[in-house]
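Structure first, then comments.
The values are calculated or read from the model by the stated rules, or taken from the named source; none is laboratory data. Keep in mind it's a predicted model, so treat the numbers as computed, not measured. Cβ atoms come from the backbone with ideal geometry, glycine included; neighbour counts cover every protein chain shown. In case anyone asks, the SASA skips ligands and DNA or RNA and just uses the protein heavy atoms, side chains included. Shrake-Rupley method; radii C 1.70, N 1.55, O 1.52, S 1.80 Å.
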Amino acid sequence: MTTLIRKTFSVPPLGCNCSIIGDPITKQAIIVDPGGAPERILQEVLGLGLTVTHILHTHAHFDHFLASGDIKRATGGTLCLHENDRDLWSQLEMQCRMFGVPYVPVPMPDYWLTDDEKVLVGQVSVVALHTPGHTPGSMSFHLPDDKLLLSGDTLFRGSIGRTDLWGGDFNAIEQSIRERLYTLDEATAVVTGHGPDTNIGREKESNQFVRMS
Ligand SMILES: [Zn+2]
Ligand SMILES: [Zn+2]
């Protein structure tokens, strides 16, 4: 088996981790959470020699999709989101105003992802897990063959996403983490929405907010 192509880097304005994930065989790729700096993201895609088919979003906070319109225009990739974040997505201008960030219009998503749906990137399958709590439509993306999870703002290293913003729900995020994420293989590496990577075993043991005991 050839190794998955993956590049993760943080983008302005709030340091969201954007990931490019590519199939080494077909060179098809997805981008997860293009929160800003579209030129940088497109340059990375070009450098890796990949063709973007889908643009996936862990949720509809502005810092995770401000560059999505530019990326869609440049690549033709399908914009994907869970439908429960439809309202948040359409309130992008309000979100930007609240955080004092320049507003860039982004078209509505092309496709609504559902829980447990599999997105195929060439030969690589990415499973979309609905993990609500940080927002009603928050999703985590699981690549079982590569033991990799992209947790968005649901799970951080040592911490969890805030639940005091639009539609946030602490009980829901706790349940999502316990039932959907902590049930994955402990060796699963986790790329978080902000800050450093972690893994499932480490968080089950030592997360400050949700532990398995
Ligand atoms: Zn968020
Ligand atoms: Zn965020």
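The one condition from (1) touching a residue at least 12 places away in the same chain (Cβ under 8 Å); (2) within 14 Å of ligand 1 (Cβ to nearest atom); (3) surrounded by fewer than 16 Cβ atoms within 10 Å (Cβ to Cβ) that residue 3 does not meet is (2).
Quick one: in segment 27-64, of everything that is within 16 Å of ligand 1 (Cβ to nearest atom) and assigned to a helix (DSSP H, G or I), which residue is nearest to residue 152 (Cα to Cα)?
First, the residues of segment 27-64 that are within 16 Å of ligand 1 (Cβ to nearest atom): 32-36, 56-64.
If we keep only those that are assigned to a helix (DSSP H, G or I) as well, we get 62-64.
Working: 62: 13, 63: 11, 64: 9 Å.
Top of the filtered list is 64.
Applying a threshold of 6 Å to beta carbon distances and a minimum spacing of six or more residues, or different chains, the list of pairs starting in segment 161-182 at a residue that is without any contact (Cβ under 8 Å) to a residue 40 or more places away in the chain and within 16 Å of residue 200 (Cβ to Cβ) and ending at one that is surrounded by fewer than 18 Cβ atoms within 10 Å (Cβ to Cβ) and hydrophobic (A, V, I, L, M, F, W, C) reads 182/212. If you go through segment 91-99 one residue at a time, do you hit one that is surrounded by 15 or more Cβ atoms within 10 Å (Cβ to Cβ), of a type in the set (A, V, I, L, M), outside any strand (DSSP E or B) and within 16 Å of ligand 1 (Cβ to nearest atom)? Scanning segment 91-99 turns up at least one residue that is surrounded by 15 or more Cβ atoms within 10 Å (Cβ to Cβ), of a type in the set (A, V, I, L, M), outside any strand (DSSP E or B) and within 16 Å of ligand 1 (Cβ to nearest atom). Taking the criterion of being in contact (Cβ under 8 Å) with a residue 60 or more places away in the chain, open to solvent by less than 10 Å² (accessible area, probe 1.4 Å) and of a type outside the set (A, V, I, L, M, F, W, C), the residues of segment 6-53 that qualify are 19, 22, 23, 33.
One residue stands out among those in segment 145-167 that are within 13 Å of ligand 2 (Cβ to nearest atom) and among the hydrophobic types (A, V, I, L, M, F, W, C): the one that is most open to solvent (accessible area, probe 1.4 Å), which is 166. Among the residues of segment 1-26, those that are outside any loop (DSSP other than H, G, I, E, B) and β-branched (Val, Ile, Thr) comprise 5, 8, 11, 20, 21. Screening residue 103 with (1) within 16 Å of ligand 1 (Cβ to nearest atom); (2) in a loop (DSSP other than H, G, I, E, B); (3) hydroxyl-bearing (Ser, Thr, Tyr) gives one miss only, at (1).
Could you list all residues from segment 65-79 that are more than 15 Å from ligand 2 (Cβ to nearest atom), under 17 Å from the mean Cα position of the chain (by Cα) and either closer than 17 Å to residue 17 by Cα or part of a loop (DSSP other than H, G, I, E, B) (or both)? Don't jump to the end; show me each part of the working.
So the first thing to find is which residues in segment 65-79 are more than 15 Å from ligand 2 (Cβ to nearest atom), and the list is 69-79.
Going one step further and asking which of them are under 17 Å from the mean Cα position of the chain (by Cα), we end up with 69, 71-72, 77-79.
Across segment 65-79, the qualifying residues are 71, 77.
Within segment 132-144, the set of residues being away from ligand 2 (no atom under 14 Å from the Cβ) and free of Cβ contacts under 8 Å to residues at least 60 places away in the same chain comprises 132, 136, 142, 144.
Considering segment 119-144, and only residues there that are more than 16 Å from ligand 1 (Cβ to nearest atom) and farther than 18 Å from residue 183 by Cα, the residue that is surrounded by the most Cβ atoms within 10 Å (Cβ to Cβ) turns out to be 121.
Scanning segment 65-84 for residues that are within 16 Å of ligand 1 (Cβ to nearest atom) and either of a type in the set (A, V, I, L, M, F, W, C) or open to solvent by 10 Å² or more (accessible area, probe 1.4 Å) (or both) yields 65, 66, 67, 81, 82, 84. Check whether at least one residue in segment 202-210 is buried (at least 20 other Cβ atoms within 10 Å of the Cβ), more than 16 Å from ligand 1 (Cβ to nearest atom) and of a type in the set (D, E, K, R), and report yes or no. Yes: segment 202-210 contains one or more residues that are buried (at least 20 other Cβ atoms within 10 Å of the Cβ), more than 16 Å from ligand 1 (Cβ to nearest atom) and of a type in the set (D, E, K, R).
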